[in-house]
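A.B. asks: One structure is given below, represented as structure tokens, and several questions about it will come after.
The values are calculated or read from the model by the stated rules, or taken from the named source; none is laboratory data. This structure is a prediction, so every number in the text was calculated from the model and none was measured. Heads up, the Cβs are rebuilt from the backbone with ideal geometry, glycines too, and the neighbour counts pull from every protein chain shown. We work out accessible area using only protein heavy atoms, side chains counted, and drop any ligands, DNA or RNA first. Shrake-Rupley method; radii C 1.70, N 1.55, O 1.52, S 1.80 Å.
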Amino acid sequence: IIYKFMEEELQISNPRDKIEFQRIHRVGKPKHDGPRPIIARFLRYADREMVLHQARKTLKDKEFSVFEDIPKELYKLRKSQKEKFKDAKDRGYNVYFSKRFPDKLYVNGKFIPRNAPL
């Protein structure tokens, strides 16, 4: 299912030859209203980043989505900075969360504390 999704939706050619996984599983109990989410752990970090990049590029305005699996605490910290993130993006700034410290927001390469304005 994952390899077929990568070929058809993410437009990655021959993913079976390029990408390896450590583990793949579905989350939660079966539901009647649709499929359950699938979590995949990549063998190589570079593969993960490539798939996330392709997902951002190709899945706009589609019914599918691909996300990083992050802890709820970290998700809440990022969500608390969502308005700053969107505002900076709208202004045309380069905005990202640090990979090393995933709750820290950077705008144009400069760290922005949680309670500080843009």
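A.B. asks: Report the GluC sites (Glu not before Pro) located in region 61-117 that are in a DSSP loop and have at most 15 other Cβ atoms inside 10 Å of their Cβ, or state none.
C.D. replies: When the GluC sites (Glu not before Pro) of region 61-117 are filtered for loop state and at most 15 Cβ neighbours within 10 Å, Glu63, Glu68 remain.
A.B. asks: Could you work out [θ]222 nm for the chain from helices alone, using -39500 (n - 2.57) per DSSP H run of at least four and dividing by all its residues? Round to the nearest 500 deg cm²/dmol.
C.D. replies: Result for the chain, helices only: -10000 deg cm²/dmol.
A.B. asks: For the chain, taking Cα atoms only, what is the radius of gyration to one decimal and the Dmax to the nearest whole Å?
C.D. replies: Considering the chain through its Cα atoms, Rg and Dmax are 16.7, 47 Å.
A.B. asks: Beyond a 25 Å Cα-Cα separation, which of these cross-linked pairs lie in this structure: Lys29/Lys57; Lys62/Lys104; Lys31/Lys99; Lys29/Lys82; Lys62/Lys89; Lys60/Lys99?
C.D. replies: Going by Cα-Cα distance, Lys29/Lys57; Lys62/Lys104; Lys31/Lys99; Lys29/Lys82 fall outside the 25 Å limit.
A.B. asks: Once fully extended, how much extra length lies between Leu43 and Glu63, figured as 0.36 nm per residue of separation less the alpha-carbon to alpha-carbon distance?
C.D. replies: Here the answer is 4.5 nm.
A.B. asks: Counting alpha carbon pairs within less than 8 Å and at least 6 residues apart, what relative contact order, in whole percent, applies to the chain?
C.D. replies: Reported as a whole number, the value is 15 percent.
A.B. asks: Mind checking region 85-118 for trypsin sites (Lys or Arg not before Pro) that DSSP puts in a loop (not H, G, I, E or B) and that have at most 13 other Cβ atoms within 10 Å?
C.D. replies: Within region 85-118, the qualifying trypsin sites (Lys or Arg not before Pro) (loop, at most 13 other Cβ atoms within 10 Å) are Arg91, Lys99, Arg100, Arg114.
A.B. asks: Taking amide H atoms as placed 1.01 Å from N in the peptide plane, list the residues 5 or more away in sequence, or in a different chain, whose amide H sits under 5 Å from that of Lys104.
C.D. replies: Here the answer is Ser98, since their amide H atoms fall under 5 Å of that of Lys104.
A.B. asks: Follow-up question, since we're still on this one. Which trypsin sites (Lys or Arg not before Pro) in region 34-67 pass both tests, a DSSP loop state and at most 10 other beta-carbon atoms within 10 Å?
C.D. replies: Lys60, Lys62
A.B. asks: I would also like to ask the following. For Glu49, Glu7, what's the largest-to-smallest order of accessible area, 1.4 Å probe?
C.D. replies: The ordering from most to least exposed comes out as Glu7, Glu49.
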